[in-house]
Amino acid sequence: MSAEKLRIGGFVPFTATDYPDHLAAVVFCQGCPWRCGYCHNPHLLPTRSKEMHEWAAIAAFLETRRGLLDAVVFSGGEPTLQDARPAAMRAVRDMGFRVGLHTAGVYPRKLAAVLPLVDWVGMDVKAPFGAYERVTGVAKSGVSACESAKLVIASGIAHEFRTTVDRSVIGAADLALLADTLPRMGAKRYVLQTCRV
């Protein structure tokens, strides 16, 4: 599928915080099947939105930023939802940018297919894998997330796992379990994020 088919709900032309130690632009992909109560991009949850960005316009902008930006990050929503994402990532790589991916690990098979195109992954870990439904509202979502976390770790790609601390759905015991589980799985970096609603 061509990059022009990518459904884009937002675009940030410059950020110093979304890809560690690199200047980047962020493409926000539309759509996510999970319904985390603290989601800070709820407008990206539906698969379509009234205000969409055209890939061609973003690609044209990125062409003007060669040598000025280091990377392009695909975020969401859940970017692995869309089949046009690999083509967009290849286009970005062809321009000479590194590729970053923000994901919640919703679709392990799609994640596995795209990891060879990615230089860095930031994966949201919502809760201990057995307690995911409490946060996502989706049964067995922790199974997908656990499989995706294993894929990221096994890939050897630079990564960061992070948990948003919403005290209404995750407690100190959950965080302690994650802080033990993820390093045992081989995670190199795990951080906590403050919940902002």
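The values are calculated or read from the model by the stated rules, or taken from the named source; none is laboratory data. Everything numeric in this text was worked out from a predicted model, so none of it was measured. When we count neighbours, we look across all protein chains shown, and the Cβ atoms used for this are built from the backbone with ideal geometry, even at glycine.
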> Which residue pairs have Cβ atoms under 7 Å apart, sit 6 or more places apart or on different chains, and have a first residue in segment 123-134 that is within 14 Å of Thr181 (Cα to Cα) and a second that is among the aromatic types (Phe, Trp, Tyr) and outside any loop (DSSP other than H, G, I, E, B)?
Replying inline: Val125/Phe161
> Hey, any hits in segment 151-165 for a residue that's among the polar types (S, T, N, Q), outside any helix (DSSP H, G or I) and more than 12 Å from the chain's Cα centre (by Cα)?
Replying inline: yes
>> Going through Asp70, Asp18 one at a time, which residue ends up being out of contact with any helix residue (DSSP H, G or I) (no Cβ under 8 Å at 6 or more places or on another chain), closer than 15 Å to Gly122 by Cα and of a type in the set (Asp, Glu)?
In response: Asp18
> So which residues in segment 10-19 are at pLDDT 95 or above and either touching a Lys or Arg at 6+ places or on another chain (Cβ under 9 Å) or polar (S, T, N, Q) (or both)?
Replying inline: Pro13, Phe14, Thr15, Tyr19
> Just wondering, is there one or more residues in segment 57-69 that are within 14 Å of the chain's Cα centre (by Cα), among the aliphatic types (A, V, I, L, M) and assigned to a strand (DSSP E or B)?
Replying inline: no
>> Please pick out the residue among Arg162, Arg167, Arg189, Arg184 that is among the charged types (D, E, K, R) and touching a residue at least 40 places away in the same chain (Cβ under 8 Å).
In response: Arg162
> Under 7 Å by Cβ, and 6 or more places apart or on different chains, what pairs join a residue from segment 91-116 that is on the phi > 0 side of the Ramachandran plot with one that is buried (at least 20 other Cβ atoms within 10 Å of the Cβ)?
Replying inline: Gly105/Leu111; Gly105/Met123; Gly105/Ser144; Gly105/Ala145; Gly105/Ser148; Gly105/Ala149
> Of (1) of a type in the set (Gly, Ala, Ser); (2) buried (at least 19 other Cβ atoms within 10 Å of the Cβ); (3) over 18 Å from His22 (Cβ atoms), Gly100 satisfies all except one. Which?
Replying inline: (3)
> From the set of residues in segment 57-74 that are over 16 Å from Gly9 (Cβ atoms) and small (Gly, Ala, Ser), which is surrounded by the most Cβ atoms within 10 Å (Cβ to Cβ)?
Replying inline: Ala71
>> Looking for something buried (at least 17 other Cβ atoms within 10 Å of the Cβ) and outside any loop (DSSP other than H, G, I, E, B) - is there at least one such residue anywhere in segment 30-40?
In response: no
> Given the structure, is Val27 at pLDDT 95 or above, closer than 30 Å to Glu133 by Cα and part of a strand (DSSP E or B)?
Replying inline: yes
> Looking at Leu115, Leu182, which one is closer than 23 Å to Phe74 by Cβ, part of a helix (DSSP H, G or I) and within 14 Å of the chain's Cα centre (by Cα)?
Replying inline: Leu115
> Is it fair to say Gly77 is touching a residue at least 60 places away in the same chain (Cβ under 8 Å), surrounded by fewer than 17 Cβ atoms within 10 Å (Cβ to Cβ) and over 19 Å from Asp119 (Cα atoms)?
Replying inline: no
> So is Val92 surrounded by 20 or more Cβ atoms within 10 Å (Cβ to Cβ), aliphatic (A, V, I, L, M), farther than 30 Å from Ala173 by Cβ and within 13 Å of the chain's Cα centre (by Cα) or not?
Replying inline: no
